[in-house]
Structures are given as structure tokens and as C-alpha cells.
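Enquirer: The structure follows.
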Amino acid sequence: MSITRRDFARASAITALSYSRILGANDRIALALIGAGERGTYVMSLFQKEPGVEVRAICDVYLAHVERAKSKAPEAQSFQDHRKLLETKDIDAVLVATRITGTKTSPST
């Protein structure tokens, strides 16, 4: 049996979101996004539907992607270097949505 990337992403999101039910009533998951392109911003919005998730940081090498994603999470910090984002201490989970390159189905850059 093979699993598609979409099924894997859906299962991962469900697993991560169900973890929030274990936390205390006042606790929230501080989420960071690395890769704020179209797909990353979409998946981030799915996480935001869970009441226990708060997007605190958004990172992309393209500032226009960061600004577009910030329209959905205006309180989030902006980053263009993922290493700086990972140095922050108030992040509980990181959503990485970067482009896959170098495969047969994807053009290499």
C-alpha cells in the first residue's frame, strides 16, 4: 500500500492538531511557518482553524510571500532566514512547506 504526499500531510496535520487536546485549557501551540508560498499558506490556514493554534512566525526568502501570509496571521513575526526563526524560543511547532526539486516530476532549480 502506498501513501500519497497529500494523505501524509493530512494525517500529520490531524495528529498535530489532536495533540492540542492534551494541553491545559490555557495553553496554545505556537506555530511557525517556513515556506510561505501558496501551499504553505494554505496548510497554515488549516492549522489556524484549530482554536489551540497561534501562528507566531512566518519565514520565506521572498518577502512578498511573507507579507501575503501575514495577512492571515498579522501578529506573526516576519523572517527571511529560517535559521533566525529557529533561534526563537517561543515556537512549539514548525510547519515546513518548501518546494521539492530534483525529482523526475519536479523541475530542478
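Enquirer: Condition first: closer than 10 Å to Leu31 by Cα and either touching a Ser or Thr at 6+ places or on another chain (Cβ under 8 Å) or buried (at least 18 other Cβ atoms within 10 Å of the Cβ) (or both). Now tell me which residues in the range 53-99 satisfy that.
Expert: Hits for the range 53-99 are Val53, Val55, Arg56, Ala57, Ile58, Ala76, Leu95.
Enquirer: Next up: List pairs: first residue in the range 33-51 and closer than 20 Å to Lys84 by Cβ, second residue part of a helix (DSSP H, G or I) and β-branched (Val, Ile, Thr) anywhere in the structure, Cβ distance under 6 angstrom, at least six positions apart or on different chains.
Expert: Pairs found: Ala36/Val66.
Enquirer: Give the range 52-75 a look and list any residue that's free of Cβ contacts under 8 Å to residues at least 24 places away in the same chain and in contact with a Lys or Arg (Cβ under 9 Å, 6 or more places away or on another chain), or say none.
Expert: Glu75
Enquirer: Here's a check for you: in the range 68-85, which residue that is polar (S, T, N, Q) and assigned to a loop (DSSP other than H, G, I, E, B) is nearest to Gly35 (Cα to Cα)? If you could, list the steps in order and put the result at the bottom.
Expert: Taking the range 68-85 first, the residues polar (S, T, N, Q) are 71, 77-78, 80.
Now drop any that are not assigned to a loop (DSSP other than H, G, I, E, B), which leaves 71, 80.
On the way: Ser71: 15, Gln80: 10 Å.
Step by step, filter the range 68-85, then rank; the result is Gln80.
Enquirer: With the requirement that a residue be over 16 Å from Arg99 (Cβ atoms) and surrounded by fewer than 17 Cβ atoms within 10 Å (Cβ to Cβ), what does the range 31-49 give you?
Expert: Once the filter is applied, which keeps residues that are over 16 Å from Arg99 (Cβ atoms) and surrounded by fewer than 17 Cβ atoms within 10 Å (Cβ to Cβ), the range 31-49 yields Ser45, Leu46, Gln48, Lys49.
None of the figures in this text is laboratory data; all of them are computed from the coordinates on show. None of these values were measured; they are calculated from a predicted model. Here the Cβ is made from the backbone with ideal geometry for all residues, glycine too, and neighbour counts use every protein chain on show.
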